[in-house]
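Asks: Quick one: the structure is below, and I'll ask about it shortly.
The values are calculated or read from the model by the stated rules, or taken from the named source; none is laboratory data. Everything numeric in this text was worked out from a predicted model, so none of it was measured. Cβ placement follows ideal geometry from the backbone for every residue including glycine, while neighbour counts extend to all protein chains displayed. Calculation scope for accessible area: heavy atoms of the full protein, side chains included, ligands and nucleic acids excluded. Shrake-Rupley method; radii C 1.70, N 1.55, O 1.52, S 1.80 Å.
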Amino acid sequence: MGLLSHPITLVADWLRNLFLGWGLSQGLTTVLLYLIAAIVVASLANGWVIFLIWFERKIVGRMQDRIGPNRVGPYGLLQPFADLIKIITKEIIFPDKADKPLYVIAPLLMDAAIIAIWAVIPLVPMVGMDFNVAALYTIAVGAFATLGIILAGWSSNNKFALVSAFRTVAQMISYEVPTVLALLVPVLLAGTMSLQGIVEAQHVWYIVLAPLAFLIYFIASVAEVGRTPFDLLEAESEIVAGFHIEYSGMLFATFYVGDFLHAFTIGMLGAVLFLGGWRGPGAEAYPILGLIYLWIKAFVVYFVGVWVRGTLPRLRIDQMMNFCWKFLTPLALILLVEAAVVDRLLLGFTPWGRGLVHLAINVFIGALVIAYARAYDNRRKRERPLAAKPGQYPVARPPQPAAEAQSD
Amino acid sequence: MTAMQIVFLITAVVTLFAAFRTVTTPNLIHAALWLILALAGVAVFYALLNANFFAVIQVVVYIGAIAILMVFAIMLTRREMRDRGKQTSGRWWWAAILGAVFFAGVTWMIEAVALPSQPTAAVPASSIADLGKALVNPNGYVIPFEVASVLLLAALIGAVFVAWTRHNS
């Protein structure tokens with residue numbers, strides 16, 4: 001067992017022997033090791049965000065024809081550190097009549113919930129907590145992140161923050177449905193809810209077997225993070241900054257870090273569920289390679305998220321809700337049934353044969369859905385033409401009770 | 001005392017205190033949040049008992065759905081979200097008597113029944129798979145499972161019916 005192949009196990013064993021050598025009991029040693037592991041993972045995750053902030057500012061800047069941070073350090077790499085020092089020195093302001101304990105707990109709860117997801121992500125083969133309901137656990141923990149945002153919105157005692165909290169509930173509860181349904185597809189294909197098991201079952205990446213489920217998972221996840229085009233909870237032009245409008249100093253920074261960390265964590269989950277996690281050449285022999293593969297895959301998914309953020313404008317709330325309930329959810333249900341039935345029929349097939357049949361059916365379903373959506377759109381345009389009549393402005397029509405009743 | 005027992009005791013104290021505050025705090029939002037803490041404590045108990053699936057389901061259903069909807073409902077209905085009215089109704093002593101009787105009954109039951117101190121059967125490695133099979137097994141729980149599904153469907157349709165706005169009326 002060399003340092004290269006099992007670094008984490010090696011360090012853990014060394015620490016265990018050290019603690020046992022001090023005369024601590026077996027149980028206490030285990031608890032201490034868990035604590036240390038939790039602190040290390042949380043610190044690494046939060047430290048990684050420093051890089052993500054620089055990366056995202058740079059990339060979005062380029063997309064918007066700006067240069068992005070370029071003053072502090074080479075390529076502006078030290079900019080996040082400068083910002084960090086600045087924000088640590090800032091005062092934390094409590095609004096008058098704010099609910100102080102909740103006001104402080106809210107950002108911590110959100111950040112902690114996101115880091116808790118990292119506990120079950122299989123970073124390398126054989127290391128990490130192999131939890132037999134890990135896939136469901138990621139959803140359960142996400143509820144605490146939602147709760148953190150609701151608390152922030154409510155405890156600030158600010159009407160914009162409260163509106164943002166309402167939007168958060170509507171958006172996150174709704175988009176949880178397609179997320180869970182899409183998540184069930186890899187669970188079904190692998191036959192286990194353990195993330196380690198799902199990775200091990202991916203002889204062929206599930207993005208081949210279930211490309212549509214991956215798309216739904218990705219879109220719904222972006223909505224859960226609340227990033228553009230789904231950033232209604234902090235829509236600057238409508239509710240100023242949403243739930244974190246009153247926050248300052250490190251409390252605001254916690255929200256800020258939580259947002260980036262959530263986006264990357266979603267990328268990581270996408271990589272684990274659909275892109276084969278740590279799988280890659282030589283990963284079984286040298287687990288540390290698996291970590292690098294997973295990181296690259298997660299980064300690719302994260303980058304697509306940044307790309308979308310830099311490209312698309314914000315949706316309206318009704319468009320967003322319709323998209324979730326009338327498009328993503330039914331499609332996810334169809335895909336779930338498809339995965340269950342087809343996979344049963346393909347029991348004896350080789351992994352690639354199975355993958356290609358799934359891919360073909362997915363492409364077929366995708367084509368059907370696009371055709372149906374086009375036909376629906378055309379019909380709606382015929383029935384309710386948006387184009388203004390001469391002498392009218394092309395805006396929403398004033399209330400016309402009689403006409404409304406007929407068309408609905 | 002093992003580490004597990006310490007974790008259990010801490011969780012028990014936190015859960016009980018949270019449950020107590022749920023009914024004593026005058027602020028409804030705070031009550032909902034204390035309730036969330038109590039529910040999370042119960043999830044920790046499930047996890048300590050190696051019932052991972054139930055721990056996760058407890059969080060998904062009770063905290064992720066029910067408690068968040070409660071918070072939402074309180075936010076929507078309460079002006080200033082602070083309730084300054086009386087906390088007890090006139091018949092609080094009925095509830096007190098019922099609670100005391102129930103507590104006494106449960107205590108008596110635990111004392112009377114000789115509970116095994118060790119598990120009588122080995123904990124199955126994959127309890128979710130067994131649970132899933134039992135739920136669709138004709139000799140297992142398929143009928144209660146289906147009846148519960150129909151009940152939920154009826155509730156869903158009822159909710160849609162109640163919330164439906166008729167445009168022509």
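Asks: Can you tell me which of (1) hydrophobic (A, V, I, L, M, F, W, C); (2) more than 13 Å from every other protein chain (Cβ to nearest Cβ); (3) over 18 Å from A:P101 (Cα atoms) is the one B:V14 doesn't meet?
Replies: (3)
Asks: Would a scan of the range A:344-351 turn up a residue that is part of a helix (DSSP H, G or I) and among the aromatic types (F, W, Y)?
Replies: Looking for residues that are part of a helix (DSSP H, G or I) and among the aromatic types (F, W, Y), one finds none in the range A:344-351, hence no.
Asks: What pairs come out if I take residues in the range A:139-164 that are more than 12 Å from B:V60 (Cα to Cα) and pair them with residues that are in a helix (DSSP H, G or I) and among the acidic types (D, E) whose C-beta lies under 8 Å away, six or more apart or interchain?
Replies: A:G148/A:D111; A:S164/A:E234
Asks: If I ask for residues that are farther than 19 Å from A:L331 by Cβ and of a type in the set (F, W, Y), which ones from the range A:342-384 would you list?
Replies: A:F349, A:W352
Asks: Which of (1) in a loop (DSSP other than H, G, I, E, B); (2) at pLDDT 90 or above is the odd one out, the single condition A:A285 does not satisfy?
Replies: (2)
Asks: Now, a different point. Scan (1) at pLDDT below 80; (2) in a helix (DSSP H, G or I); (3) open to solvent by less than 10 Å² (accessible area, probe 1.4 Å) for the single condition A:V272 breaks and write down its number.
Replies: (1)
Asks: Please find, within the range A:236-253, the residue that is nearest to A:L84 (Cα to Cα) out of those that are open to solvent by 20 Å² or more (accessible area, probe 1.4 Å) and part of a helix (DSSP H, G or I).
Replies: A:M250
Asks: Moving on to the next point. Check the range A:135-152 and report whether any residue there is facing another protein chain (nearest Cβ under 9 Å), open to solvent by 10 Å² or more (accessible area, probe 1.4 Å) and either in contact with a strand residue (DSSP E or B) (Cβ under 8 Å, 6 or more places away or on another chain) or not in a helix (DSSP H, G or I) (or both).
Replies: no
Asks: Continuing with the same structure: Can you run down the residue pairs with Cβ atoms below 9 Å, 6 or more apart or on separate chains, where the first is in the range A:230-257 and charged (D, E, K, R) and the partner is open to solvent by less than 20 Å² (accessible area, probe 1.4 Å) and part of a loop (DSSP other than H, G, I, E, B)?
Replies: Correct list of pairs: A:E234/A:G226; A:E246/A:S156.
Asks: Answer yes if at least one residue in the range A:174-187 is touching a Lys or Arg at 6+ places or on another chain (Cβ under 9 Å) and in a helix (DSSP H, G or I), and no otherwise.
Replies: no
Asks: Mind listing just one residue for me: the one in the range B:25-73 that is of a type in the set (S, T, Y) and assigned to a helix (DSSP H, G or I) and, of those, farthest from B:T11 (Cα to Cα)?
Replies: My answer is B:Y62.
Asks: Does A:A116 fit the bill of being within 19 Å of the chain's Cα centre (by Cα), within 14 Å of chain B (Cβ to nearest Cβ) and on the phi < 0 side of the Ramachandran plot?
Replies: Against the criterion (within 19 Å of the chain's Cα centre (by Cα), within 14 Å of chain B (Cβ to nearest Cβ) and on the phi < 0 side of the Ramachandran plot), A:A116 qualifies.
Asks: If you don't mind, another one. Being over 29 Å from the mean Cα position of the chain (by Cα), more than 14 Å from A:G249 (Cα to Cα) and open to solvent by less than 90 Å² (accessible area, probe 1.4 Å): is that true of A:P69 here?
Replies: So A:P69 does not fit the description; no.
Yes/no per residue for (1) at pLDDT below 85; (2) assigned to a loop (DSSP other than H, G, I, E, B); (3) of a type in the set (D, E):
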| site | (1), (2), (3) |
| --- | --- |
| A:L335 | no, no, no |
| A:E338 | no, no, yes |
| A:G353 | yes, no, no |
| A:I370 | no, no, no |
| A:K381 | yes, no, no |
| A:A387 | yes, yes, no |
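Asks: Being hydrophobic (A, V, I, L, M, F, W, C) and farther than 30 Å from A:R309 by Cβ narrows it down to one of A:F94, A:F81, A:F51, A:F55, so name that one.
Replies: Every option except A:F94 fails the conditions.
Asks: Another one. Within 14 Å of another protein chain (Cβ to nearest Cβ) and modelled with pLDDT under 90, is that true of B:A125?
Replies: So B:A125 passes the test.
Asks: I've got another one for you. I'd like to verify a number: residues in the range B:8-25 that are out of contact with any Phe, Trp or Tyr (no Cβ under 7 Å at 6 or more places or on another chain) and buried (at least 16 other Cβ atoms within 10 Å of the Cβ), how many?
Replies: 3
Asks: Looking only at the range B:110-146, which residues are assigned to a helix (DSSP H, G or I) and loosely packed, with under 10 Cβ neighbours inside 10 Å?
Replies: B:I110, B:E111, B:A112, B:I143
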